[in-house]
1. Only one of (1) buried (at least 24 other Cβ atoms within 10 Å of the Cβ); (2) farther than 29 Å from residue A:313 by Cβ fails for residue A:109. Which number is that?
2. Looking at B:175, B:160, can you tell me which residue is within 14 Å of another protein chain (Cβ to nearest Cβ), touching a strand residue (DSSP E or B) at 6+ places or on another chain (Cβ under 8 Å) and in contact (Cβ under 8 Å) with a residue 12 or more places away in the chain?
3. Out of curiosity, is residue A:121 within 21 Å of residue B:58 (Cα to Cα), in contact (Cβ under 8 Å) with a residue 12 or more places away in the chain, surrounded by 20 or more Cβ atoms within 10 Å (Cβ to Cβ) and more than 14 Å from chain B (Cβ to nearest Cβ)?
4. Residue B:195 passes all but one of (1) within 14 Å of chain A (Cβ to nearest Cβ); (2) not in a helix (DSSP H, G or I); which number fails?
5. Look through B:86, B:80 and report the one residue that is buried (at least 24 other Cβ atoms within 10 Å of the Cβ) and either more than 14 Å from every other protein chain (Cβ to nearest Cβ) or touching a helix residue (DSSP H, G or I) at 6+ places or on another chain (Cβ under 9 Å) (or both).
6. Among A:131, A:145, which is buried (at least 20 other Cβ atoms within 10 Å of the Cβ), within 12 Å of chain B (Cβ to nearest Cβ) and more than 27 Å from residue A:283 (Cβ to Cβ)?
7. Residues in segment A:198-236 that are in contact with a helix residue (DSSP H, G or I) (Cβ under 8 Å, 6 or more places away or on another chain), without any contact (Cβ under 8 Å) to a residue 40 or more places away in the chain and part of a strand (DSSP E or B): how many?
8. Could you please let me know if residue B:69 is in contact (Cβ under 8 Å) with a residue 24 or more places away in the chain, within 14 Å of chain A (Cβ to nearest Cβ) and either farther than 19 Å from residue B:9 by Cβ or over 19 Å from the mean Cα position of the chain (by Cα) (or both)?
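The values are calculated or read from the model by the stated rules, or taken from the named source; none is laboratory data. Since this is a predicted model, take the numbers as computed values, not measurements. Cβ atoms come from the backbone with ideal geometry, glycine included; neighbour counts cover every protein chain shown.
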């Protein structure tokens, strides 16, 4: 859906400039745009195109300043594409950066939060035309208030959040996220053209590790409290035949457990790829019979700090376990199969 | 609490001008101020005084216009006093009017709503300093979004809502509410001085009817979804000995049923007064052993229109029954005891 929105906007309004953080003046204003809510809802309750200009204008008016650029707040799914679609329409550039280097389910799970930047003033809207502006005392309050408004709006909302200065993006953002996503797409397409294994290419570009190869035999999923929560169960195939993997998620994958042993945890990325094409299978697309490779990718070092782990470590999500970086887990018990041959 | 807030503000900032609706210029801006949420919470989670200036300023800035006056949005409890306390502090007058001629639990239950006036832009805040601005497509959406924010804020919030022009107040408001409340207080105090029955005086001033005299033998109350919902059971005393009365409420009293027979319904006022002093016993103060007189007061005619009854009639609150004006019920089966001797 995000890709279609971006393609249509670019066709209608022209191409978008992608700029580096260093190209933004220190006092230039950047307004990230995104959707929030349960991805299971997003795929059915589709925006009508008016929402992003509406939240953008409302936030700009509230701040009383011109906006220099937009950017993705996270990398993944529709939220990678929305800034491109909106930038075309609003005729502003997109900064090649994000605030996670991955995707996370809650509003305070952003590197800008770790640096003390407020998520508010923030504006949210729905496809009906309701508008909510928040100005809070903490990003946790923003998450609580915005989440409940998202639920009332029907489970998904379009938001303008974390208004940032160029200086803040340079210091606290994660640079290069958009071009990394581009590069992943490129190597997948090239592998296909050259009839090579796309998984090896993805692992190389992302610095990731192959954790498990399996077939989904069960998915339980509930859309509750504005999130898609649940777990998927994989039976091993090929070299993992006879083993099983349990994958727990809250919008994004959180913990992977194989036969009682934790093999990857937040904040490292746990990514499910189609076993043949290496295209991602997002949590809302997990379904019985999918043949997949689960890979682990080390997260940005900002998430491995004490404040980072407090914000997005396993314990925040209710798993009483210490965080061990995925590359250490892989180099231990699983070292023998850290990389695909 | 409202009385204490008003007394303190007047002591600190000086007296407040009470003006008639006709004194407001047609294009003069009026911003009603109120608390929303469960009264059971309000009595324990007390505002710190900064909230009303905060919502007032935020709404004024958003509208970009000077504010001529404030007014109560409803008559009853703390929301009669908050406009006085705030007007003293903000040095603006209070308009002698409200939007209900009584109190109701939901935001769209206002005569301005019947006249097509939007409740938004609306601003809400809590004692911690979180601020939410709403701009919606309907007053029902405002109620849904504001109610969920109130719950997140801890069950009560301070609001600036239904920004009105002088013309709208004159056409769609209920004039004289503040002075009516003053007059009720006056007759109660005078009756006490003159050792007369204060109930008769209250019935005369309000045009009300005595419905039941009883003692509370049970109260069940839950604070759910941002409301105080429940019912109180009265055993008859004096001339009602042997009978019982069931009173159902959602912040305000909705339906009174005596031995299976409905004796009063929303939108007419069902008011519980202390049997000795005629002082009101609000729903959050109902408790075992209270000796009370339940009176019914005809509501403002605006509520008896089709749109009025659709908005606040028994069916809106989930009671599958037709509305019969309280004076008709009293002149029927209960005629013999319509008025206190």
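1. (2)
2. Values: B:175 fails: within 14 Å of another protein chain (Cβ to nearest Cβ).
Result: B:160 is the single residue among B:175, B:160 that is within 14 Å of another protein chain (Cβ to nearest Cβ), touching a strand residue (DSSP E or B) at 6+ places or on another chain (Cβ under 8 Å) and in contact (Cβ under 8 Å) with a residue 12 or more places away in the chain.
3. Spelling it out, it is not the case that residue A:121 is within 21 Å of residue B:58 (Cα to Cα), in contact (Cβ under 8 Å) with a residue 12 or more places away in the chain, surrounded by 20 or more Cβ atoms within 10 Å (Cβ to Cβ) and more than 14 Å from chain B (Cβ to nearest Cβ).
4. Condition not satisfied by residue B:195: (1).
5. Numbers: B:80 fails: buried (at least 24 other Cβ atoms within 10 Å of the Cβ).
Just a single option satisfies the conditions, and that option is B:86.
6. On the way: A:145 fails: more than 27 Å from residue A:283 (Cβ to Cβ).
Testing whether each residue is buried (at least 20 other Cβ atoms within 10 Å of the Cβ), within 12 Å of chain B (Cβ to nearest Cβ) and more than 27 Å from residue A:283 (Cβ to Cβ) leaves just A:131.
7. Of the residues in segment A:198-236, 0 are in contact with a helix residue (DSSP H, G or I) (Cβ under 8 Å, 6 or more places away or on another chain), without any contact (Cβ under 8 Å) to a residue 40 or more places away in the chain and part of a strand (DSSP E or B).
8. no
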